[in-house]
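Derivation of every value follows stated rules applied to the coordinates shown; laboratory data play no part. Note that the structure is predicted; figures quoted are calculated from it, not measured. Cβ placement follows ideal geometry from the backbone for every residue including glycine, while neighbour counts extend to all protein chains displayed.
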């Protein structure tokens, strides 16, 4: 008779009795490590961002109104010039001679007029006495009228000659910055030439043109109804900043780009802005008080939109749909879905699902945005 192993017999007994194997002990999954932050409430500025270009309010191309030799240049290239400041002179001698000739013609005409008036007086006396023929009286009347007309024509000629002589001195019609000298002293200039002698740009005040998405139009118009809308502009790559005011909203939107054009005016007395520069523009629309703010890295995007994971008091992950109103400079302002003081996951979301246990490995605070920069409306930058 063979010996049967005890373990084999035990197995046979379990099999014959129809009993199941005992269940394995359940092992709880390890908590997911996460880094969290606390949603805070604070006042944040409402701002729109754009790229603009600096435009002059006025630009004048200086051209001669009379022809002649350019005898004087009274500025240096790049100078700031004031209104009515002398810039150029053209040889005035031919025009001064024309004035003298016109004045001499006027003096001659005045003498002839005096003689015609005396003749008319004698003709009037002779007519009263009946010793002058009608034809002679009519001739005296005609001569007097011609003399008066000649005097008036010569007076106009004197005024015209003086006006032409005045054009030999060219002054600045505006206050601004003069550019390159395009014609040097000693050259002959022509009144009909299309080429200017120089170009003056008005630097102060100055404007900045920029465009924003059409969905921001109503917020900007609403802000203007409550007072001036502040606009700041910084040349690209520079740390300086100029402050101005929104002064123009175009009366139509661009159907191709879906944007509206705006203009801001800057005093620019310190000349921080220069014509033709591209600048970073910030439109300040006020402030949003008591806003819930979290780091932008906490916000995830799924098929149902933006969401975050909130750590509950049981140390589990809770899925929470949120609406983001603003996002800029590492901050996200939550319009709906969160309240101040809740704990939000900022790192480790990939291992999370609703109800998963979490282990807090660290905490981060909400980054502080510079007060002068604030937050930008979503899609405005």
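Values as computed for the structure displayed
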{"item": "Segment 92-167, relative contact order in percent, only Cα pairs under 8 angstrom and at least six apart counted", "result": "55"}
{"item": "269, 239 arranged by Cβ crowding within 10 Å, fewest neighbours leading", "result": "239, 269"}
{"item": "Tilt relative to the chain, helix 93-129 - C-alpha long axis, 0 to 90 degrees, to 10", "result": "50"}
{"item": "Average Cα contact separation per residue, the chain, under 8 Å, 6 or more apart, as relative contact order %", "result": "29"}
{"item": "Cα principal axis extents for the chain, largest first, Å", "result": "187, 50, 38"}
{"item": "Beta bridges by DSSP in the chain, antiparallel share as percent, to the nearest 5", "result": "90"}
{"item": "Quotient of C-alpha Rg and 2.2 N^0.38 Å, computed over segment 243-284", "result": "1.37"}
{"item": "Sorted largest first, extent of segment 92-167 alpha carbons per principal axis (Å)", "result": "56, 13, 12"}
{"item": "Degrees, to the nearest 10: 134-166 long Cα axis against longest axis of the chain", "result": "40"}
{"item": "Folded to 0 to 90 degrees: helix 6-17 orientation relative to the chain principal axis, Cα", "result": "80"}
{"item": "Proxy reagent accessibility, fewest Cβ within 10 Å first, across 221, 127", "result": "221, 127"}
